[in-house]
Each structure stands twice: as structure tokens, then as C-alpha cells.
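This report concerns only the one structure given below.
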């Protein structure tokens, strides 16, 4: 087994990822989330008072004002620290959940841990720590997982699955063999729940079944249709060879709407976070009606946080209004009712 070693390129890669996501076209060129194929039946007589529509929910034992997750983005650099603190402050004010970016930088360099520390501005939020699952094959174990959780006082640990991203990175860690047994060990020994998260290509029904069998407590489907990380790697490719390889996977993956269905088929009793290309509160409402429990957004929050705290606050206000009105106009008084609200397909 390879040993954990200090990787000075990690912070630079993280800043590259922020810059490219903000400045370059990194969306899937043709593949969509699939959410556009689904519609709510408009209820002209909703028999509801809009002001009384309740968007509150409970997830992993914590009460949220809205079923929103600020999805994993960054950390490990000064710029990442600023973004994380801005997002966390807004999450605290709004009563929504937040996930940190991969904490590998902090494991390799303890001085980087401060860039993920948001509890000073967000003492009460539902907060998820984050490590790449493949690092379990490169020297990481339960100690590193505990450190990721404890240094940020997280409520759960995300293990993110990014096989394709690693495969198209020149410096990628590509040994994904034998990981299920190691995930099972982490799930058994860690004191907080473990979340399995894709990074934008979705989980199949088989993968979800395998992960649930290993003890994973939550599935974040992170389907295709939003940011394509092969496109991100295309933009930072050091050679034409690497660029051409990455570009060929621009439309690879399982659309988010399908990934939600696969998650429900593969592990009916496991909570689901829907992410991957969600852009507004109507998308979140559709995902919940399709079977998800929370809706996660990354790109819109990154762009808002890069602008200002007020921009993040306004984004959350818009998402909340969109979700509330979607529930009102489809006749759902609360989140449990929304989960039972049928959609119809326009495909």
C-alpha cells in the first residue's frame, strides 16, 4: 500500500478548480440532469395559504428550515477559506446544511485545517466533513477519517467517489480496487454517519446497493447534467494528450433524475441527497418529489460566494421562495406532502 505523503500540488490544484469553475465553460455540453423531463401537475385550487407552506425538514437528526445543502466545493487554500466561511455564515443564518470540500489538504498539512474550520461562524449547522474514498487505498484509514470529522466538528463524513476524475487527471490516484471492504470498516468504526457521494456522474442501482450493504448511511447521487469534472480537468490538462482524453468524457454519466430513481431502487430505506446540476428551488422540489430528501447545489453557491455574503443570502432567499411557490402551486403543504406529490413525464 502506498503511504500518505505530503503533496504540495494539492493546494494549487484546488485553486485551479475554483478558478476554472468560475471562468471556464465546464457544464456538460449535451447531457442534462433529466429534471426537464418531469413536471408538477399545476393545482389551480391548491386550498393552501402560501404563507403557511412549511419547507422545514429533519435530516440526520437535525432540523433544517429548508431541504437545501450547500454542496462540497473547496478548502485547503486562503481563497477556499474565504469561500467556506462566507457559505457557512449564510447557512447558519438560513438554517440549512453545508458540506465541505475534500479535506485531503488538511490531512497532508495540518496548517491547512483552518481553511475548513467554519464552526466559529456556524455553530449550529448540519455540517459534513469530506475525504476522497480512493485515499483509503493510499494510506488513509479510520484515524484520518476521524481527524477530518473532529477538526471541523462535523455531523457526518462524506466519502466522495470520483473515479473518472482521477482517471483523467495526470496526477490521479486510480486504484479503486477493494474499496468496499474499507468503506465498511469506516462505517463500522466511525462515530458519525458516512455519506457516499459521487462528484457529478451519478450512482447506478448496483453501486447504491453495494454501498448500502457496506453500511453507508446516506447516498448523495451527484448525477450528471451540471458541472462536468472531466471538463474541468480538460481545462487544466498539461498536454494535448491529456486534454483530448478528458474531453472525450464530456457527456459521460447518469443524469440526476435517473440517479435518484436508481438510489431508491438500490437502497429503498437509505436517505438520498440529490445533487448534480440543480439550479433553482423548482429543481429541488422536483428532486424531493422524485424521492430525494435534500437538494444540493454547488456551482450557484460558488459564484455567489465569490461575489459577497449578501449574494449568498439572496440566492438562499430566491431558492426558498421558488421551493415554497412550487409546493404551493402543486398543492403540497409541507415536505412530507411534497414527497407524495406525483410528477408526470413530458419525454
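No lab work stands behind these numbers, since they all come straight from the coordinates. From a predicted model like this one, the values you see are computed outputs, not experimental measurements. As a convention, Cβ positions derive from the backbone with ideal geometry for all residues, glycine included, and neighbour counts pool all protein chains shown.
For this structure, a couple of remarks:
- Going from the fewest other Cβ atoms within 10 Å to the most, the residues 201, 38, 252 appear in the order 252, 38, 201.
- The residue 114 and residue 30 beta-carbon pair, evaluated with R₀ = 51 Å, returns a calculated FRET efficiency of approximately 0.80.
- Where labels lie 7 Å past Cα in the beta-carbon direction, separation of residue 307 and residue 321 in nm: 1.4
- Of all DSSP beta bridges in the chain, antiparallel share, percent nearest 5: 20
- GNM result for the chain, Cα springs below 10 Å: residue of 337, 90, 243 fluctuating most strongly: 337
- A protection proxy built from the mean count of other Cβ atoms within 10 Å ranks the segments 94-107, 150-163, 70-83, 131-144, most packed first, as 94-107, 70-83, 150-163, 131-144.
- Gyration tensor (alpha-carbon) shape descriptor, the range 29-87, a/c threshold 1.5: oblate
- The spacing between the range 140-163 and the range 59-122, judged by their C-alpha centroids, is 13 Å.
- Legend: calculated FRET efficiency, residue 12 to residue 153, from the Cβ-Cβ distance at R0 = 45 Å, rounded to 0.05, equals 0.95.
- The chain - mean residue ellipticity at 222 nm from DSSP helices (-39,500 (n - 2.57) per run, n ≥ 4, rounded to 500): -12500 deg cm²/dmol
- Sequence of 248, 51, 230 once ranked by neighbouring C-beta atoms within 10 Å, starting from the fewest: 51, 248, 230
- Normalising the average separation of contacting C-alpha pairs (under 8 angstrom, six or more residues apart) by the number of residues puts the relative contact order of the range 9-345 at 23 percent.
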